[in-house]
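Here the structure is laid out as structure tokens; the discussion comes afterwards.
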Amino acid sequence: MTRPDAALPLGATIGILGGGQLGRMSAMAAARLGYRCHIFAPEADSPAMQVSAAATVAAYEDVEALHRFAAAVDVVTYEFENVPATTLAALEGRVPCRPGPRALAICQDRVAEKRFLAEAGVPVAPWRPVASLAELEGAIAAIGLPAVLKTTRLGYDGRGQAVLRRPEDAAPAFERLSPKPLVLEAFVPFAAEISGIAARGLDGAVASYDAVENRHRHHILDLSFAPARLPAGAARAARENVAKVAVALELVGLVALEMFLLPDGSLLGNEIAPRPHNSGHWTMDACPCSQFEQHIRAVAGLPLGPVTRHSDAVMRNLVGPEGLAAWPRLVGRADVVAHWYGKLEAKPGRKLGHANRLLPLGALAGLDDASACDGL
């Protein structure tokens with residue numbers, strides 16, 4: 001058996017909880033490094049299963065299936081943070097889990113997440129936990145309006161939240177959102193939304209990618225500009241913030257931190273994801289070591305790879321019927337590298353792939369959004 005502090009040997013098997021596109025691209029990176037992947041997910045023929053050596057189709061709560069999975073792999077990681085805590089509990093002690101249960105627990109609960117960020121030295125917007133309508137009214141009195149009411153668990157891509165602009169918005173939003181308790185956050189008049197990604201290796205080494213600037217459409221990430229067009233101090237602070245998170249979590253793997261850039265150039269931490277992140281897809285073609293390879297390197301115990309850019313990049317998500325229609329045009333462009341996720345049904349709002357437009361190093365700083373995208 002491999003020592004827990006040693007790198008996995010060639011041919012070892014990495015277990016991935018979750019069968020989506022993040023698992024797919026992680027599995028492809030693992031294969032290039034000489035590893036097999038075994039996907040555990042409740043959906044058959046998921047994107048990750050299409051490119052992996054083995055698959056288990058079972059519910060995340062199926063303890064017997066999880067025990068068989070643990071016996072078949074050398075390490076376990078996950079591609080999304082809404083894996084039930086009981087899943088890792090069933091695996092813990094049988095096989096190394098990277099990142100471990102602590103990172104998962106913090107990132108699954110917005111109250112724990114806000115407290116963690118403050119303890120890690122990353123500023124956050126004013127917020128209050130809300131378990132009743134009376135507590136919501138008290139939180140509104142303390143924070144003011146507008147504010148954002150969010151579920152503490154299971155929210156992503158704009159789901160599980162409501163903007164409160166008037167006092168009469170409070171009761172209907174509280175009634176609609178679940179599960180409870182909720183959290184009320186001050187509405188932040190940010191200049192830009194940015195995100196950073198860092199990896200922490202088994203040896204404790206940390207590497208942070210350049211922060212990126214994000215644009216959303218219908219609450220789903222639409223565009224990422226790499227690097228973010230920020231003042232040098234803010235760009236440095238963004239990398240430092242996500243590195244602080246990686247160290248404070250003591251995770252082995254990858255972590256993303258979404259942040260708000262304020263008009264004065266300061267940053268506020270927003271949400272953490274202990275896994276590869278949609279806003280890091282640009283690294284697949286603009287860096288020598290992508291976020292997916294970096295994640296695999298970390299969980300396999302290999303040295304972390306270089307995070308320097310050899311190009312600037314603009315990443316566009318390909319979503320729903322519109323993304324499907326754009327595919328033939330994008331694969332024909334010499335300045336674009338397009339990636340498809342193996343999904344054949346183009347449902348509205350469904351992420352089908354992404355496209356990275358590569359630009360000369362340093363070119364992005366002088367371009368506006370339209371010029372940077374140039375028909376992307």
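The values are calculated or read from the model by the stated rules, or taken from the named source; none is laboratory data. Being a predicted model, the structure only gives us computed values, none of them experimental. Positions of Cβ are generated from backbone atoms using ideal geometry, with glycine treated the same way; all protein chains shown enter the neighbour counts. Surface areas here come from the heavy atoms of the whole protein model, side chains and all, with no ligands, DNA or RNA. Shrake-Rupley method; radii C 1.70, N 1.55, O 1.52, S 1.80 Å.
Using a probe radius of 1.4 Å on heavy atoms only, what accessible surface per residue do you get for region 65-163? Whole Å² is fine.
Per-residue value: 42 Å².
Under a straight-distance cross-link criterion of Cα-Cα below 25 Å, which lysines are reachable from K343, leaving out those fewer than 8 residues away in the same chain?
Answer for K343, where 25 Å is the Cα cut-off: K351, listed by chain and number.
Write down the accessible area per residue of region 185-252 in Å², having rolled a 1.4 Å probe over the full set of protein chains.
Per-residue accessible area for region 185-252 comes out at 39 Å².
How large is the convex hull of the C-alpha atoms of region 155-311 per residue, in Å³?
121 Å³
Rounded to the nearest 500 deg cm²/dmol, what is the calculated helix-only ellipticity per residue at 222 nm for the chain, with -39500 (n - 2.57) per DSSP H run of length n ≥ 4?
So the helix-based figure for the chain works out to -8500 deg cm²/dmol.
How large is the Kirkwood hydrodynamic radius of region 264-333, in angstrom, based on all distinct alpha carbon pairs?
14.7 Å
Where in region 307-345 does the amide nitrogen come within less than 14 Å of the point 7 Å from the Cα of D222, taken along Cα to Cβ?
315-320, 322-323
Once you charge only the Cβ atoms, +1 for Lys and Arg and -1 for Asp and Glu, what is the size of the charge dipole of region 97-213 about its Cα centre, to the nearest 20 debye?
That gives region 97-213 a dipole magnitude of about 320 debye.
Longer than 18 Å from Cα to Cα, which of K114/K244; K150/K347; K114/K150; K114/K180 are they? Say none if no pair is.
The pairs that break the limit, which is 18 Å between Cα atoms, are K150/K347.
What is the Cα radius of gyration of region 31-158 over 2.2 N^0.38 Å, N being its residue count?
1.36
Quick one: ranking F187, F260 by accessible area, 1.4 Å probe, largest first, what do you get?
Reading off the accessible areas and sorting them downward yields F187, F260.
Please grab the % of Cα pairs in the chain that end up more than 27 Å from each other.
49 percent
Once you charge only the Cβ atoms, +1 for Lys and Arg and -1 for Asp and Glu, what is the size of the charge dipole of the chain about its Cα centre, to the nearest 20 debye?
The calculated dipole for the chain is roughly 340 debye.
What is the P(r) of region 1-57, as percent of Cα-Cα pairs per 10 Å bin from 0?
Cα pair-distance distribution for region 1-57, in percent: 28, 49, 21, 2.
Could you tell me, in Å, what Rg and Dmax come out for the Cα atoms of region 240-376?
Every Cα atom of region 240-376 included, Rg and Dmax give 16.5, 45 Å.
Measuring with a 1.4 Å probe in the full set of protein chains, what accessible area per residue, in whole Å², belongs to region 300-349?
Ligands and nucleic acids excluded, the figure is 49 Å² per residue.
What helices does the chain have that are whole DSSP H segments, at least 20 Å long along their own axis by Cα, and with mean Kyte-Doolittle hydropathy of 0.0 or more?
Going by DSSP H runs, the hits are 232-249.
First compute the accessible area of the chain with a 1.4 Å probe, then give the percent of it belonging to carbon and sulfur atoms.
Roughly 55 percent, rounded to a whole number.
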